[in-house]
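Chemist: Structure in structure tokens, see below.
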């Protein structure tokens, strides 16, 4: 009896135990299936899905006339699925083949092939022919994936403005960084379902999500004016003057558009890794310096606006000026200017005159002088659309002493950026109205449609129109009769101011180290552009009027002619005053001429014709007709066929062999053809082939390849 009861109790306990276990398991299954089912299903799918990101094509950067300054070109990258390589059992063999083609260390390649990951990059953005070779090898688990890389068709042109993009097409410096979000687009991806060994699952998920290309931007920069600037800086840096650094800015005074900006030394953004990071810096925006006498424009403007001086008021310069707290010499203390009007003091850049005027401003109280300094934008960023803009340095107003006011009035004891300085000059030129400088003109979508236009932003009236006109006339006299004679351009009314500032170093000013500059605008009666030239530590002669003014003149003259600004004086008037010694000629327009006639006409003008193509008629030329150039200049003539109505009918495809992308692009553009570039390096193949006759607008596919090692010359 007792034995049966015990067995019954044990049986009941066993049922309860098993029932409890099944209940717990049932609850667990319900939790997994009903509560966490969707989440776990997604995690399982993610474990099987492998994705490779596909880069979006970065938008194009154009100059204001639609010339390409930065583009994206195809670049093959080599990726690998390590599980597939491991399953093949050929890791060492594959590593050896890849290392030979890619010129990589074999052990490094083997390590990448053996990683405990589903996917790994071997090498990204390799030359076009290396990608082809690896495709032909057809190695298990190794794939050639088409990516894009940034390419700068004009080489070093505007390098400090454009900056450059990194291996992942991300903007690292310059406008590539500033407008990275606009240019970068949205990446796509390829999604493939694989098993634990990395094998594709039949009938499994395969998905391609296409990338969304980035928008393009159009800059205010004009490629031709940028070239004028960089040409003159190259001439300067290679001259006996041999400065440490130099820069120039060209600005439209009415709109605030920066037409050109460059500095030296520079770099090639296509190979930025070959240069010291020190040269990446855009010193025109990111650096500050003591401006010297160019800052006297601010002193003169404030004094005339406040009525503390008149243009005809007389001063006396004994070679120095004494005041409470110090004594300052004139730059020409050995030969004092003596008695002179304020206008003559400006013309002579006389320090005692400006010190006295600056002290008069301060005596008005309420920080009058500093009010104008700040109103002209010094001590704070201009707001230009460029990364890392410097503020400049102003002494705190509560710490100002008479000696500080005296030195600031002549451009010492204050630090400004080149951009602030030219913005000040543009304000005077623009009837006293300040306009914010900017580099972006418009944004376009990938189809080329304009989605945003940038309009000039007038910030404020700094000085009255009457005062601005007075200052402009004073600055014109500086160029006509004063320290800025070397900036004179026959036929144009130019206003400007020289600057020569001793450099500040540890413990005070550095003996023998100067910054020379020239700041001006033209034409004075209706200004179009302002230009600033700054030369850091020139050797030998160091005065701004002798070092920087000639550079200013050359840039300004070519810019005004390029913009079609008419001369106001006969060409020969005041002959020899400030003119260049080189003889100039006007390029004839030979569009539609046959080859022989075009050659004869150009040679008669002292020019050198050079033909591209084999067509019977001239369909384009560079420089264009009516351009004014030096004698012996080469004029490139592009040939093709022209209809009786004067329209281009047919174009002979030129031979582009050996040309770089930017060279090929320029040639095809002149012939009204378009370029489809593949790879990088020099042109090796093209379709259609050279000599074929095609219609205008035809796309020419050109395959670029880097030259073999034996063809590469030492730098």
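The values are calculated or read from the model by the stated rules, or taken from the named source; none is laboratory data. Computed from a predicted model, the values in this text were never measured in an experiment. Using ideal geometry, Cβ is built from the backbone for each residue, glycine included, and neighbour counts are taken over all protein chains shown.
Chemist: Are any residues in the range 59-76 closer than 22 Å to residue 130 by Cβ and either without any contact (Cβ under 8 Å) to a residue 40 or more places away in the chain or surrounded by 21 or more Cβ atoms within 10 Å (Cβ to Cβ) (or both), and if so, which ones?
Modeler: 71, 72, 75, 76
Chemist: Identify all residues within the range 528-543 that are under 14 Å from residue 425 (Cβ atoms) and surrounded by 24 or more Cβ atoms within 10 Å (Cβ to Cβ); write none if there are none.
Modeler: Within the range 528-543, 529, 530, 531, 532, 533, 534 qualify.
Chemist: It is to be established whether one or more residues within the range 243-256 are in contact with a strand residue (DSSP E or B) (Cβ under 8 Å, 6 or more places away or on another chain), closer than 22 Å to residue 483 by Cα, assigned by TED's automatic domain parsing to the domain that holds residue 409 and part of a helix (DSSP H, G or I).
Modeler: no
Chemist: Still on this model: Show me the strands (runs of 3 or more DSSP E) entirely contained within the range 282-336 in which 1 or more residues are closer than 21 Å to residue 415 by Cα, in contact (Cβ under 8 Å) with a residue 60 or more places away in the chain and in the same structural domain as residue 376 (by TED's automatic domain parsing). First the steps, then the outcome.
Modeler: On the way: elements: 314-317, 320-323, 326-329.
Filter on the range 282-336 gives 326-329.
Chemist: Is it true that residue 395 is part of a helix (DSSP H, G or I), assigned by TED's automatic domain parsing to the domain that holds residue 355, more than 25 Å from residue 65 (Cβ to Cβ) and at pLDDT below 95?
Modeler: The answer is no for residue 395.
Chemist: Further question: Within the range 312-359, track down each residue that is surrounded by fewer than 17 Cβ atoms within 10 Å (Cβ to Cβ) and within 21 Å of residue 463 (Cβ to Cβ).
Modeler: 312, 313, 341
One line per residue, one yes/no per condition, for (1) at negative phi; (2) more than 28 Å from the chain's Cα centre (by Cα); (3) modelled with pLDDT of 75 or more:
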site: 644; (1), (2), (3): yes, yes, no
site: 678; (1), (2), (3): yes, no, yes
site: 681; (1), (2), (3): no, no, no
site: 687; (1), (2), (3): yes, yes, yes
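Chemist: Take the range 516-563 and flag every residue that is out of contact with any helix residue (DSSP H, G or I) (no Cβ under 8 Å at 6 or more places or on another chain) and part of a strand (DSSP E or B).
Modeler: 536
Chemist: Report the residue count in the range 257-281 for those that are crowded, with 24+ Cβ neighbours inside 10 Å and either assigned by TED's automatic domain parsing to the domain that holds residue 63 or more than 20 Å from residue 527 (Cβ to Cβ) (or both).
Modeler: Residues that pass the stated criteria total 3.
Chemist: Do any strands (runs of 3 or more DSSP E) lying entirely in the range 427-511 carry at least 1 residues that are closer than 27 Å to residue 541 by Cα, and which ones are they?
Modeler: Here the list reads 495-505.
Chemist: Then there's this: Report, by residue number, each residue of the range 119-160 that is surrounded by fewer than 18 Cβ atoms within 10 Å (Cβ to Cβ) and more than 38 Å from the chain's Cα centre (by Cα).
Modeler: Residues satisfying the conditions are 136, 137, 138, 140.
Chemist: To continue, here is another question. Based on this model, can you work out whether residue 373 counts as more than 40 Å from the chain's Cα centre (by Cα), closer than 21 Å to residue 289 by Cα and in the same structural domain as residue 287 (by TED's automatic domain parsing)?
Modeler: no
Chemist: Take the range 95-106 and flag every residue that is more than 22 Å from residue 75 (Cα to Cα) and either more than 40 Å from the chain's Cα centre (by Cα) or crowded, with 17+ Cβ neighbours inside 10 Å (or both).
Modeler: 96
Chemist: Output the residue which, of all residues in the range 71-102 that are in contact with a strand residue (DSSP E or B) (Cβ under 7 Å, 6 or more places away or on another chain) and in a helix (DSSP H, G or I), is nearest to residue 269 (Cα to Cα).
Modeler: Per the stated criteria, the residue is 102.
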